[in-house]
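Structure, as C-alpha cells:
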Ligand code: SAM
C-alpha cells in the first residue's frame, strides 16, 4: 500500500481512505496481519496491523525494507488515446512491466473525442489504476499519468529524453532493436536514463506526423512484421527497452 510521507512515521504508519476500506472489507485484515507499505518515494517497510477502523488502519513498523524494484531506465509511454477503456489497460500493464510515466496525446487519426470537462474524472481513474497496479507489482513508486497533450505539445516535450522512439508499423528500416543497440552501448554501468516511447492511434500516424516526429529528433522504429493493436504496441516496446538494457529477466 502507498501512503503519503506524513502518514509514514518513524515507528508506525497510518493508512486511510479506500486503502483502509480495502484492507478491512476486501482483505478481511485483522490486528497482527502483516503488510508492505511505501511512501512512494524512498521509504518502504513491513508493518503489522495494530488497529482497524472503517476509515483508518494503524500499523507498526516491523522492519524497514530496502528493496529497489524500479528500473534504472526510466521509460515514459506516450499513447495516442485509444478507444474505450484501452488506456486503462495500457496503464495497468505498462505499470507492471515498469513504465514510470504515461502521457496520453491526441493525434490526427485519434478516434476518441476528448472532452476537457469529463477528462478530470478519467485522469483520476487512470491515476488510481496506476496506483493499484504499482501496489500489485510491488513498485516503489507510482507512475505519473499526465494530462493529455496535443500532438504539438508532445513534440515539444522530447527534449529531456536520452532516446525518443516512435513506433511506426510502416518502418521497414530501423527496428527497435537497432535503435536500442547504440543507446545501450553508451550507457555507463548503473547509470539511469530517460526513454520515451510514442505509440500511434488505431489508424496509425499520418505521414505528416512522422515527418514532424523525425524533425523533433525522434527515431522511427518497427516492432517486427506483425501489426500490433494500439494498446499492445506500448507494452511490447517497453518490454524490449527494459530487456535490451538488462532490466528484465
Ligand atoms: N493503421 C495501421 C495499419 O492498419 O497498418 C495500424 C496501426 S496500429 C494498430 C497502432 C499503433 O501501434 C501504430 O500507430 C504504431 O505506433 C503501433 N504499432 C503497431 N504495430 C507496429 C509494428 N509492427 N511496428 C511498429 N509500430 C507498431
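Bear in mind that the values in this text are calculations on the coordinates, not laboratory data. What you see is a predicted model; the values in this text were computed from it and never measured. No Cβ is skipped: glycine too gets one built from the backbone with ideal geometry, and neighbour counts run over all protein chains shown.
Below 8 Å, C-alpha to C-alpha, sequence gap of six or more: please give me the relative contact order for segment 5-65 in percent.
On the way: 115 pairs, mean separation 22.6, N = 61.
Taking the mean separation of contacting Cα pairs over the length of segment 5-65, I get 37 percent.
Please report the spacing between the Cα centers of segment 132-152 and segment 191-249 in Å, no decimals.
If you average the Cα positions of each part, the centres end up 17 Å apart.
Okay, helix-only estimate at 222 nm for the chain: each DSSP H run of n ≥ 4 adds -39500 (n - 2.57), divide by all residues, round to 500 deg cm²/dmol; what do you get? Mind showing how you got there, number by number?
Working: 7 runs with 77 residues, N = 249.
Mean residue ellipticity, 222 nm, calculated: -9500 deg cm²/dmol.
Go ahead and run the numbers for FRET between residue 202 and residue 127, Cβ-Cβ distance against an R0 of 22 Å, rounding to 0.05.
Details: r = 24 Å, r/R0 = 1.09.
Here the calculated transfer efficiency is 0.40.
Describe numerically, in nm with one decimal, the distance between label points set 7 Å from Cα along Cα→Cβ at residue 225 and at residue 34.
The answer from the label model is 5.1 nm.
Say each of residue 48 and residue 162 gets a label point 7 Å from the Cα, pointing the same way as Cα to Cβ; how far apart are those two points in nm?
In this crude label model, residue 48 to residue 162 measures out at 4.3 nm.
Considering only C-alpha atoms, what is the centroid distance from segment 169-187 to segment 1-47, in Å?
Value for the Cα centre distance between the two parts: 42 Å.
What is the spin-label model distance, in nm, from residue 187 to residue 109 if the labels are put 7 Å beyond Cα along the C-beta direction?
If labels sit at residue 187 and residue 109, their model points lie 3.1 nm apart.
Tell me whether segment 73-244 comes out rounded, prolate or oblate; compute the Cα gyration tensor, take square roots of the eigenvalues as a ≥ b ≥ c, and use a/c under 1.5 as the rounded threshold.
On the way: a/c = 1.61, a/b = 1.11, b/c = 1.45.
Oblate shape, in that a/c is at least 1.5 and b/c is the bigger or equal ratio.
Label point 7 Å out from residue 144 along Cα-to-Cβ: which residues of segment 97-132 have amide N under 11 Å?
The answer is 101-103.
Taking springs between alpha-carbon atoms closer than 10 angstrom, which of 157, 107, 38 fluctuates most in the Gaussian network model of the chain?
Looking only at 157, 107, 38, the largest GNM fluctuation is found for 157.
Test of understanding: in a Gaussian network model of the chain with alpha carbons linked when under 10 Å, which of 96, 135, 209 would top the mean-square fluctuation ranking?
So, out of 96, 135, 209, the one fluctuating most is 209.
Which whole-number percent gives the relative contact order of the chain, counting Cα pairs below 8 Å spaced six or more residues apart?
Reported relative contact order: 20 percent.
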